[in-house]
1. Is there a pair in B:Lys59/B:Lys113; A:Lys287/B:Lys59; A:Lys64/A:Lys113; A:Lys287/B:Lys113; A:Lys59/B:Lys287 whose C-alpha atoms are over 25 Å apart, and which pairs would that be?
2. Kindly report the accessible area of the protein assembly as shown per residue (heavy atoms of protein chains, probe 1.4 Å, no ligands, DNA or RNA), in Å².
3. Show B:Glu94, B:Glu246 ordered by accessible area, largest first, where the area counts protein heavy atoms only and the probe is 1.4 Å.
4. Working with all protein chains in place, sort A:Arg231, A:Arg325 by solvent-accessible area computed with a 1.4 Å probe, largest first.
5. When the helices in chain A are scored as -39500 (n - 2.57) per DSSP H run of 4 or longer and the sum is shared across all residues, what 222 nm value do you end up with, to the nearest 500 deg cm²/dmol?
6. Please list, short to long, the whole-number percent of alpha-carbon pairs of the protein assembly as shown in consecutive 20 angstrom bins beginning at zero.
7. From the label point of B:Pro70, set 7 Å from Cα along Cα→Cβ, how far away are the matching label points in the other copies, in nm, ordered shortest to longest?
8. Computing the accessible area with a 1.4 Å probe over protein heavy atoms, can you report the carbon and sulfur percentage for region B:196-244?
Protein chains: 2
Amino acid sequence: MTRGRARDTITSASPGTPQRRKGTNTVTEQLPPDVIAQLTGMDPAITPELVATSWALLKPFHDKVGYNAPKVDRDLAYGDHERQRLDVHASGQEAGAPVLVFVHGGGFVGGDKHVPGTPMYDHIGAWAVRNGWVGVTITYRLAPEYTWPSGAQDVAAAVRWVRDNIAAYGGDPSRIVLAGHSAGCVHVASFLAGHATAGQDRTGQDSGWLDGVRGAGLLSGFYQVPDGAGRGELEVVYFGGRPSAEVSTLPGLLNSGIPLIFAVAERDPEFIHTQAAGLTAAWFARKGTIPNVIFSEGHNHISQIGSVGVDDLALGAQLARFVNRVTEP
Amino acid sequence: MTRGRARDTITSASPGTPQRRKGTNTVTEQLPPDVIAQLTGMDPAITPELVATSWALLKPFHDKVGYNAPKVDRDLAYGDHERQRLDVHASGQEAGAPVLVFVHGGGFVGGDKHVPGTPMYDHIGAWAVRNGWVGVTITYRLAPEYTWPSGAQDVAAAVRWVRDNIAAYGGDPSRIVLAGHSAGCVHVASFLAGHATAGQDRTGQDSGWLDGVRGAGLLSGFYQVPDGAGRGELEVVYFGGRPSAEVSTLPGLLNSGIPLIFAVAERDPEFIHTQAAGLTAAWFARKGTIPNVIFSEGHNHISQIGSVGVDDLALGAQLARFVNRVTEP
């Protein structure tokens, strides 16, 4: 007799007794219904309040699960700018492991790979390590000083760094998966669409820019940049007045041979859903199938990425399945 | 150091040692990559060969996990016809548990709730019980003898039976979730769209036909029946020449207040993807969000439903999350 049991069947965590066995991810973490209700009850607009409130709701669960990989090397330079830095999260025991490179959001003008005293975004690195991968979290140059295609260029530079250096951390440079959230998703998509060298003389450019990239997770971002009045304030800051056809990634993504998985949060703001609907229509028209879109039930734009490690079925478990599949040796 | 470890992180099963603890679903079951490769490598057309080959590939894994609930009551009559029968799967220890009612596929002209000596579809009932629910698997009348809306009527009659009888099996008649696969999906959708009383004098009809139904999983079915030459052979057998506007469920689903989750298999035939793309567009136009569509990566039309219990992240885990959420007391 157990009214409460249905809720418990995929929850084993209780306070103070983390139940993960080392090296396994049993997908047991789940948030309680009252937290989900609060996360979905807020106005979906992406405001500082949404960020603060969502993370405040999630932090106790991250504290319980833990968000520090056994070995974290911070602020490694993948370029000359002070924002061209990355952290490597590892077990110290891997060799030849898949590598997950995570690119944070922040509206093109903010955000960081690591906010001390919070799980942001060490929790992605720790979760990668629990899955048997090496995790890399990167920071990149910001608008208004650095505009399109600086994000794509920084992703490209970080990928080069990973290819050149990750073996020393137990990672396999030929098995890299990228994941970006929000503006970070836009940068990853922009990289995949070939924008890193946009407008440049390609003579002498690295021709193997995609080498080792096995797939990408594009999480709550956008793929078609509106023209004119439809372009949002922060999009104007990053893309300027460049035409949609130049800066949108959808055509490039459809042409790309890289396996992709997408995600949208149930309570993402409407423009993200609009983008996902447009993506689905364009993808279907081109490929005859719908794209693989994870619908992060019970989450808003912020809590979706915050859910990784504490609400496995919202995003993390599906993303992990994808990473494991595309990095099969 | 483990090249093979990524694959193992969400796999704990090894031959002969099922690792599920009673009453928990730790989402650990995963199929090996070579099986996934075979399932996705086949022609996606829904043929007897696809059915036989897919189930043959899955059966050893079901044999290992087990697909018999502790208590199975078979062939209970929910109507006078010999096909109006259902099986109840229970632990014998529940009280007030959510109830999952599963409606099998079979192209409107075939299929059964239970094929002796196989996991079909006892595995759904056993999985429901492992999740702490009561499982109900139903069979229904078939075309060509019984045509539209007989499927919707049989779902309605089965739901009535569940409301009246399930408490004796530990189920809560106010917490019912329906799930249908393929033609069974069409019947569940048809029930939700109100077709059970289509064309009848509604005087004296049961007004509480949806009572207790908290949500539905619509798995690899279709929602808009094509007119004219676009209508498939089996659709003609079931729907006859009735116009699309009369027999399609999409308008009714969009009007329904019942929470819905959908699923499409990566290797579903194109017409299923076409339907999902159309659903996404119509849903977005009406609601401003995309629908919750589980993309069953690595599966075909048959193995998608066969994956439940042996490849949890393909469908079962997301479906379970939905069932638990909509049946919160």
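The values are calculated or read from the model by the stated rules, or taken from the named source; none is laboratory data. From a predicted model like this one, the values you see are computed outputs, not experimental measurements. As a convention, Cβ positions derive from the backbone with ideal geometry for all residues, glycine included, and neighbour counts pool all protein chains shown. With ligands, DNA and RNA removed, areas are computed over all heavy atoms of the protein, side chains included. Shrake-Rupley method; radii C 1.70, N 1.55, O 1.52, S 1.80 Å.
1. Numbers: B:Lys59/B:Lys113 16 Å; A:Lys287/B:Lys59 32 Å; A:Lys64/A:Lys113 21 Å; A:Lys287/B:Lys113 34 Å; A:Lys59/B:Lys287 32 Å.
Listed pairs above 25 Å: A:Lys287/B:Lys59; A:Lys287/B:Lys113; A:Lys59/B:Lys287.
2. 35
3. Details: B:Glu94 20, B:Glu246 85 Å².
Result of the area sort, largest leading: B:Glu246, B:Glu94.
4. Working: A:Arg231 25, A:Arg325 80 Å².
In descending accessible area the options line up as A:Arg325, A:Arg231.
5. Working: 12 runs with 118 residues, N = 329.
Rounded to the nearest 500, the figure is -10500 deg cm²/dmol.
6. Computed distribution, short to long bins: 19, 53, 25, 3.
7. Output for B:Pro70: 3.9 nm, nearest copy listed first.
8. Result for region B:196-244: 49 percent of the exposed heavy-atom area is carbon or sulfur.
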